[in-house]
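The values are calculated or read from the model by the stated rules, or taken from the named source; none is laboratory data. Since we're looking at a predicted model, the values are computed, not measured. All Cβ positions, even for glycine, are placed from backbone atoms using ideal geometry, and neighbour counts span all protein chains on display. These accessible areas exclude ligands, DNA and RNA; they are computed on the full protein's heavy atoms, side chains included. Shrake-Rupley method; radii C 1.70, N 1.55, O 1.52, S 1.80 Å.
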Amino acid sequence: MAPAPLKLSVVIPAYNEEGGVAGVIGEIRGVLSGLGYGPGDFEVLVVDDGSTDATAAAAEGAGARVLRHPTNMGYGKSLLTGFAAAANDWLLMTDADGTYRASDIPALLSHAPAFDMVVGARQGVLFWGSPWEAFRRRVYLSMASFVAGQSVPDANSGLRLLRKSAVERSMPILCYGYSLSTTMTLSFLQAGRFVKFVPIAYDARTGKSKVRLLRDVPRTLQIMTQVILYYNPLKFAV
């Protein structure tokens with residue numbers, strides 16, 4: 001007899017993603033159905049982060065339950081809203097812009113429940129970018145690995161599977177912006193949680209990126225510093 005599917009709450013933060021969100025939801029539903037998931041085995045939550053377009057209507061039309069922020073609060077706040085509203089302990093987070101393939105979801109699910117978090121580690125040209133972008137990313141990952149005390153191939157991937165209960169117990173530091181995914185990675189590793197990195201594909205997004213380097217990079221560096229100060233302040237003495 002096949003094991004029962006791991007009950008999932010799929011959480012998708014979305015800000016002005018009317019062009020991509022319905023397709024993402026449809027692909028996820030198709031993949032989970034192929035794995036034997038029935039209607040009662042998973043839910044799809046889309047957190048509309050103050051969108052000014054038809055993101056909410058597109059998500060509802062695709063069968064998702066939509067949670068709305070009255071104003072734009074940021075990627076991290078959207079994820080936390082979705083996590084809090086999730087009915088199941090296993091959370092599958094992904095983006096609404098089509099950069100992550102639903103076909104990679106089974107690879108993540110195959111490592112649960114042994115791991116508290118399974119991170120899709122992005123591969124390929126679109127992840128590394130130009131030579132300058134690749135250099136910058138390598139520096140960033142080196143810093144993340146220093147904070148974590150082990151190799152981190154992708155600290156801020158938006159496709160990951162994690163336990164809701166582990167989020168509630170392992171993240172004393174929270175942020176509402178883009179760097180929440182980095183905070184999750186470093187906090188779980190520093191808290192001694194079991195974390196698995198699984199190689200995944202990374203595609204061109206639908207629509208315009210919401211990442212702003214001058215805003216988000218300093219915030220990420222601040223988060224790294226806070227994690228060190230909370231878990232292991234002696235690292236600054238090394």
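Scanning region 48-69 for residues that are charged (D, E, K, R) and either more than 18 Å from the chain's Cα centre (by Cα) or open to solvent by 50 Å² or more (accessible area, probe 1.4 Å) (or both) gives D53, E60, R65, R68. Would you be able to say whether some residue in region 67-81 is more than 23 Å from N156 (Cβ to Cβ), at pLDDT 95 or above and part of a loop (DSSP other than H, G, I, E, B)? The answer is yes, given that some residue of region 67-81 is more than 23 Å from N156 (Cβ to Cβ), at pLDDT 95 or above and part of a loop (DSSP other than H, G, I, E, B). Among the residues of region 139-161, just one is β-branched (V, I, T) and open to solvent by 50 Å² or more (accessible area, probe 1.4 Å), namely V139. Of the residues making up region 99-108, at least one is within 20 Å of K164 (Cβ to Cβ) and not hydroxyl-bearing (S, T, Y). Among residues of region 98-123 that are within 16 Å of T185 (Cα to Cα) and small (G, A, S), those with a beta-carbon under 8 Å from a residue that is assigned to a helix (DSSP H, G or I) and open to solvent by less than 20 Å² (accessible area, probe 1.4 Å) at least six positions away or on a different chain give the pairs G120/L108. I'm trying to understand the selection: among the residues of region 25-47, which are surrounded by fewer than 21 Cβ atoms within 10 Å (Cβ to Cβ) and either β-branched (V, I, T) or assigned to a strand (DSSP E or B) (or both)? Residues satisfying the conditions are V31, E43.
Table: residues versus (1) farther than 22 Å from H111 by Cβ; (2) touching a residue at least 12 places away in the same chain (Cβ under 8 Å); (3) among the β-branched types (V, I, T).
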position	(1), (2), (3)
G26	yes, yes, no
G34	no, no, no
G50	yes, yes, no
A54	yes, yes, no
G63	yes, yes, no
T71	yes, yes, yes
G74	yes, yes, no
A84	yes, no, no
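Answer yes if at least one residue in region 8-20 is farther than 24 Å from S179 by Cα, surrounded by fewer than 22 Cβ atoms within 10 Å (Cβ to Cβ) and at pLDDT 95 or above, and no otherwise. Checking region 8-20: not a single residue is farther than 24 Å from S179 by Cα, surrounded by fewer than 22 Cβ atoms within 10 Å (Cβ to Cβ) and at pLDDT 95 or above.
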